[in-house]
Each structure stands twice: as C-alpha cells, then as structure tokens.
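Read the structure below first, then the notes.
The values are calculated or read from the model by the stated rules, or taken from the named source; none is laboratory data. Quick caveat: nothing in here was measured; it's all calculated off a predicted structure. Ideal geometry is used to build each Cβ from the backbone, glycine not excepted, and the neighbour counts take in all protein chains shown. For accessibility, only protein heavy atoms count, side chains too; no ligands or nucleic acids. Shrake-Rupley method; radii C 1.70, N 1.55, O 1.52, S 1.80 Å.
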Amino acid sequence: MTFRTLDDAPKDLGDLAGKTALVRVDFNVPMEDGRVTDDTRLRVALPTINKLRDAGAKVALLAHFDRPKGERVPSMSLKPVVEPLETLLGAPVRFAEDCVGDEAKAVLADLDPGGVVLLENVRFHKGEEKNDPAFAQQLADLGDLYVNDAFSAAHRAHASTEGVAHLIPAYAGESMRRELDALDAALGNPQKPVLGIVGGSKVSTKLDLLQNLVDKLDRLAIGGGMANTFLHAQGVDIGGSLCEKDLADTARAIMEEARAKGCELLLPVDVVVAQEIKPGVEAGVRALDRIAPEDKILDAGPETTARLKRAMDLSKTLIWNGPLGVFEVPPFDTATVEAARHAAELTKAGKLVAVAGGGDTVAALNHAGVSDDMTFVSTAGGAFLEWMEGKPLPGVEALKR
Ligand code: ADP
Ligand code: MG
C-alpha cells in the first residue's frame, strides 16, 4: 500500500526538532467515574509519540471521547487521560482546555521540544463531525505536520481525521502503519490460498462484507447465526433457530456469486442445538436433516469444525470476522475456541497469516486465549468492517501518496 509514513516526514520537512506534530490518536478509552479502566488504547499510541519525541518534535495529541455532539460536556473531558498517559510515557503531559485557538497555541508555544500536550475533546466543536473546512484550518494552524494514528476513526470523514490531512503534510503513525500493513497482507495483497471466516448473528449486518469477500477469497466459511439463513435458503429445516427468512433470496444470490467467482463456500454440515441459551443447558449434535422444530442452532458441530480446520491447513492466509456460535455461553463456545486455537497453532508455526477483527470476535479470541498468537487482531470495530467491505476509508485515503 502506498501511504505516507513517519519515515517520509524528515525527507519532506527536514529536521523535526522543535516542529509541532498534530497527532490524531484514539483515546476513546473505557472510563468509570472519571478514571481510565483500560489503557490499551493509550499503549497503542506510544510508539508514535516516542518516535516523535525522540526526533525532538512537540507532540500535540488530538482525540475524541464519547459523543458530546459539538457541545462542551464536562463529563466527556479527556483530562482523566493525562495521568495514566504520564505514567506510561514516564514524562509530563500538559493539557489544553481547548483543541484549537489561543488556548491550544499558548500551551504549544510554552512546550519544550520533545514535550507532549493533550488537547481537549475535538468533538466539543461542531465543526469536527461536519468536517467544516474552517475548523480543519484551525486544527492545521497548530501543527507543522499531521500524523494519523487512529485507524479506528479512519472510516469517518471528520475534520480531525480527514479535513486537516489535506492542509498540512500528513503521515500515518506507527500503529496506523502496522494495521494497514496487516490488513494489506490479509486482503489487499495476500498470499494465496486465502480463507475467510464470517460468523456472527445476522446476514443483514454483513451483506456488503460477504459480497466483497466472495469476490476476493479462495474459500469462505460461513458460521454463527447467519449460517442458518444460508441453510434455510438451501431448504434445510432449521427449527427454532435465529434466521432472516426474508434474506433467503439474498443468500442464494451470494452462493451463486461465489460459484461464479470460484470461491468455495463452506456451510455447516452439522450443528449443535439446544432449546434455550443458558449455561450448562443440555446440548446435542445434529445432522442437518435431524433438526427438531424446537431446536435452536447455537454452535457449529464437530464435523463442521474439523472441515474448517482442514481448510485452514490448506490456506496461507486467514481473515476472520464473527464468532461461529454463541461463544458467550458455554458450551456454545466450542467451535469458535477450537477454530481459534487451530489458527493460532498454524500462525505460531509460521504456516498461516491470521488477521481477525470485530468487537465480539476480539472478545471471542480473548476468551480462547489466543489473541497474542494471531498475526494481527484489529480492535478498530467499524473501520475494520468497512475495510473488509472493500470501502475506501477517508482517513486512510487522505494519507495516500
Ligand atoms: P463482531 O462484533 O465480531 O462483528 P457480530 O456482532 O456480528 O460479531 O456477532 C457476534 C454475535 O453473534 C455474538 O453475540 C454471538 O452470540 C452471536 N451468535 C453467533 N452464533 C449465533 C447463533 N447460532 N445464534 C444466535 N446468535 C449467534
Ligand atoms: Mg458485534
């Protein structure tokens, strides 16, 4: 992929010492009673911050928090981030009560080279989400260069993610670069054969994704609740399972498209059913022609899981979104956990590039204890899904050469 990175900055701008880098980060962290309860997103930003500090740049961190909708909402201040960030950096972090204007400029003017300032919530300004050019210019006025390290916000064309990138020299930060490289290795320019796994509850939320994937993959395994809709569309009686019957035609069209494009679809050949979703409830394995009217399909069966593992063995690349069953409620986590552990083993052995993402998918991989063993796990949520759907992300497009 051809986007500008921090390594290009000195070529364009010369020595960065004393220059101000406006760095868009994702500090939309979990908070309770004004305290940060999980600092993962702060850690993700450290490589970029440290690289710029080492170069002697002044670092102005720009972020949104929650949804203040253009109003100054005190409970949505970014101030509680200062202390945990100082701890992680081992250096003081100044705070500017506003992300633009005289207040921000004054703090920056007073900052030593290598110093860090956190700017107040950019969404306190209406111009942010409107991508207002005047507001983008106010942001641009603060910096000599702009660095975007917030892939998770890159699907939005906001002033701090898109508008400002056109006004001053713009670069991908280290985390953004890592994420884009991983995504490129999974779908943009992958080693073949490529296997996709798409699970989750509903087809309707993942139509664009399925359509894009059948176009690009060698094999696509469909699991979770959405597989029920495909089984139903093939005439399988799925009993009382979750199903979007009105999408049967759509499911058939996707199957036809896959055939035409030479993408092998892997649908469940057996399933695990129960009569309710409750921990420890009596569950049974069923062949597809043995599903009773009161049965709910809640997980993939053992033969389906075995076939999926074999498909992984035949692949060089895996891209995964969506759990294969109701993984939150054991024993319906079995297929998801088994598949995840197999992918992790292959990845550790250097046989597979495995990239996964999606809110519940991240939770499922953590539950299986394999997140660190995958090649890359994206926590970017909406941005990851839009990228999997093949849509251009405005925040990334703005960083292209
Ligand atoms: P992600 O957040 O990773 O994109 P989704 O939100 O699409 O994933 O789907 C996750 C949800 O799908 C989980 O809450 C899981 O319980 C549910 N799910 C998986 N399989 C089934 C099933 N057979 N029936 C009902 N819900 C299911
Ligand atoms: Mg979800």
Is there a residue being in contact with a helix residue (DSSP H, G or I) (Cβ under 9 Å, 6 or more places away or on another chain), assigned to a loop (DSSP other than H, G, I, E, B) and of a type in the set (Lys, Arg) anywhere in the stretch 68-83?
yes
Here are the criteria: (1) under 19 Å from ALA185 (Cβ atoms); (2) crowded, with 21+ Cβ neighbours inside 10 Å; (3) within 14 Å of ligand 1 (Cβ to nearest atom); (4) of a type in the set (Val, Ile, Thr). Tell me which single one THR379 does not satisfy.
(2)
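Somewhere in the stretch 326-342, is a residue more than 16 Å from ligand 1 (Cβ to nearest atom), assigned to a strand (DSSP E or B) and touching a residue at least 24 places away in the same chain (Cβ under 8 Å)?
Taking every residue of the stretch 326-342 in turn, none turns out to be more than 16 Å from ligand 1 (Cβ to nearest atom), assigned to a strand (DSSP E or B) and touching a residue at least 24 places away in the same chain (Cβ under 8 Å).
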Pick from the stretch 356-372, criterion within 9 Å of ligand 2 (Cβ to nearest atom) and open to solvent by less than 40 Å² (accessible area, probe 1.4 Å), ranking: farthest from ASP333 (Cα to Cα):
GLY358
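Which one of ALA63, ALA57, ALA45, ALA96 is within 19 Å of ASP149 (Cβ to Cβ), surrounded by 14 or more Cβ atoms within 10 Å (Cβ to Cβ) and without any contact (Cβ under 8 Å) to a residue 40 or more places away in the chain?
Unique residue meeting the criteria: ALA96.
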Being buried (at least 24 other Cβ atoms within 10 Å of the Cβ), away from ligand 2 (no atom under 16 Å from the Cβ) and either over 28 Å from ALA134 (Cα atoms) or in the same structural domain as SER241 (by TED's automatic domain parsing) (or both) narrows it down to one of ALA150, ALA186, so name that one.
ALA186
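One line per residue, one yes/no per condition, for (1) within 16 Å of the chain's Cα centre (by Cα); (2) crowded, with 22+ Cβ neighbours inside 10 Å:
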site: GLY143; (1), (2): no, yes
site: PRO169; (1), (2): no, no
site: GLU179; (1), (2): yes, yes
site: GLY240; (1), (2): no, no
How many residues are touching an Asp or Glu at 6+ places or on another chain (Cβ under 6 Å) and within 11 Å of ligand 1 (Cβ to nearest atom) when one looks only at the stretch 241-280?
2
Selection status of LEU52, under 24 Å from the mean Cα position of the chain (by Cα) and either loosely packed, with under 13 Cβ neighbours inside 10 Å or in contact (Cβ under 8 Å) with a residue 12 or more places away in the chain (or both):
no
Among the residues of the stretch 250-291, which ones are outside any loop (DSSP other than H, G, I, E, B), of a type in the set (Val, Ile, Thr) and open to solvent by less than 50 Å² (accessible area, probe 1.4 Å)?
THR250, ILE254, VAL271, VAL272, VAL273
May I ask you to say which residue of VAL337, VAL326, VAL353 is open to solvent by 10 Å² or more (accessible area, probe 1.4 Å), within 22 Å of LEU242 (Cβ to Cβ) and in contact with a strand residue (DSSP E or B) (Cβ under 8 Å, 6 or more places away or on another chain)?
VAL326
